[in-house]
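The values are calculated or read from the model by the stated rules, or taken from the named source; none is laboratory data. If you're wondering where the values come from, they're calculated on a predicted model, not measured in any experiment. Glycine gets a Cβ as well: all are built from the backbone with ideal geometry, and neighbour counts include every protein chain shown. Accessible surface is based on the protein model in full, side chains and every heavy atom, while ligands, DNA and RNA are left aside. Shrake-Rupley method; radii C 1.70, N 1.55, O 1.52, S 1.80 Å.
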Amino acid sequence: MRRTIEWIDGHVDVVDQTALPQQRRVALHTVNEVVDAIHRLVVRGAPALGAMGALGVALAAARSADQGYDPEAVRTDARRIAAARPTAAHLKWAVQQVLPAVAHGPAAVLDAAAALVEADVRACATLSRLGAALLRSYVGDRPMVLHTHCNAGALACVEWGTALGIVRALHADSLISMVVVGETRPLLQGSRITAFELAQLGVPHQIMIDAAGPGLIASGQVDAVIVGADRIAANYDVVNKVGTYPLALAAARAGIPFVVAAPTATLDPDTPTGAEVTIEYRDPDEVLLVGGWRMAPAESTAFNPAFDVTPADLVTAIVTESRVIEPSRVTESAGGVQPVTVPAMRLVGAY
Ligand code: MRU
């Protein structure tokens, strides 16, 4: 399979994730096209946003060089790219990683971006192996039923994936009996993208509506929940696709592991708790319209947060490429269970 994001002959070539499961790639030649692709979720998923951010700055530098190189103009473009989506830690982080190279010209920026992309590929491969070993230790060496949400596969990264990378590693050892995929309303990253990846890999899977997940977990038919993350606060609160938190509650109640797989770049030491993370609120029409048809009265509006926050005390383990963190053990060893911060969800519009 080709990588989700590639640099080809002076432009960025990406899988159009709004079209999946139809397979289409688009070429991005300008910073405006990059920002638009990030807004519209043509490129999405936290690590993929990091790769896009870094290569976006390389693109800004290349376009600037077409007209006589202006580092200040490249820095201005970089700020626009970094601000294109607010929640995932990776986008801003990756832009910051390549910014020092801007002073040295377009080739230096491209080198820095390419190094970041390769590091992401290595991180995902390593954390997938670590995560597979962890799940075997939690569940046992037998085929398991895992529940996932949204898409944390190769398409959310550069290749391989995080939560689905772990699924791939377990599948290679015949240790997956079923992956339950929440469809992930409203934009269906689960049914359109995760199911597409699992089908391509030959992994047994079943899609269900998001509301069915907690009930299935309560029925005792799921061995573990495994998801990616868009940002992890310093206290290990996990920000991920809206609908993750109910799965974590259900997993805690059922006594099964809730595992988060994410490269180290997802950990944000500057954000103390999940309550301080900026949650992206998207267009209400994503909720109100299905396939272009309005499914609600003309007078109705909708609340459309793209992410929610799972408090650290519900997280069994966070698997990165370098370590496994078990947040509840961390807080316990720090002297008793810490108070859990509840994120402020802001209703939008007139109520
Ligand atoms: O809005 P999206 O599709 O960018 O949201 C993506 C998710 O929430 C993923 O679960 C998360 O980025 C983990 S990706 C490895």
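Odds and ends about this structure:
- Of 301, 320, 18, the one that fluctuates the most in a GNM where the chain has Cα springs shorter than 10 Å: 301
- Listed values for region 306-323 are Karplus-derived 3J(HN,Hα) couplings in whole Hz (6.51 cos²θ - 1.76 cosθ + 1.60, θ = phi - 60°), namely 7, 9, 9, 10, 9, x, 4, 6, 9, 9, 6, 7, 10, 9, 10, 6, 10, 6, and x replaces Gly and Pro.
- Ordered from highest to lowest accessible area with the whole protein assembly present and a 1.4 Å probe, 241, 92 read as 92, 241.
- Ratio Rg/Rh, restricted to region 128-188 and using Cα atoms, in which Rh is the Kirkwood radius: 0.99
- Within the accessible area of region 168-285 (1.4 Å probe), percent carbon and sulfur: 53 percent
- Per residue, the chain exposes an accessible area of 42 Å² to a 1.4 Å probe, with every protein chain left in place.
- Here the Gaussian network model covers the chain, with springs between Cα atoms less than 10 Å apart; of 216, 170, 130, 216 fluctuates the most.
- Descending semi-axes in whole angstrom, ellipsoid equivalent of the chain, from the Cα gyration tensor: 32, 23, 21
- Between the amide H of residue 207 and those of 181, distances stay under 5 Å, these residues lying 5 or more places away or on another chain, with hydrogens modeled in the peptide plane.
- Shown is the FRET efficiency for residue 278 and residue 174, computed with R0 = 35 Å from the Cβ-Cβ distance and rounded to the nearest 0.05: 0.25.
- Among 249-256, 44-51, sorting by the average number of other beta carbon atoms lying within 10 angstrom of each residue, highest first, gives 44-51, 249-256.
- Note on residue 219: accessible area is roughly 60 Å² with a 1.4 Å probe, heavy atoms of protein only.
- Size estimate for region 128-333 follows the Kirkwood approach: the inverse of mean 1/r over distinct Cα pairs works out to 17.2 Å.
- Phi-derived couplings, Karplus 6.51 cos²θ - 1.76 cosθ + 1.60 at θ = phi - 60°, listed residue by residue for region 26-35: 10, 9, 10, 10, 10, 5, 4, 5, 5, 4 Hz, with x used for Gly and Pro.
- Sequence-ordered 3J(HN,Hα) estimates for region 139-147 from the Karplus curve with 6.51, -1.76 and 1.60 and θ = phi - 60° stand at 9, x, 7, 8, x, 10, 9, 10, 10 Hz, glycine and proline given as x.
- Part-to-part distance (alpha-carbon centres) for region 48-125 and region 16-43, which is given in Å: 17 Å
- From the C-alpha gyration tensor of region 5-119, square roots of 5λ in Å: 21, 15, 12
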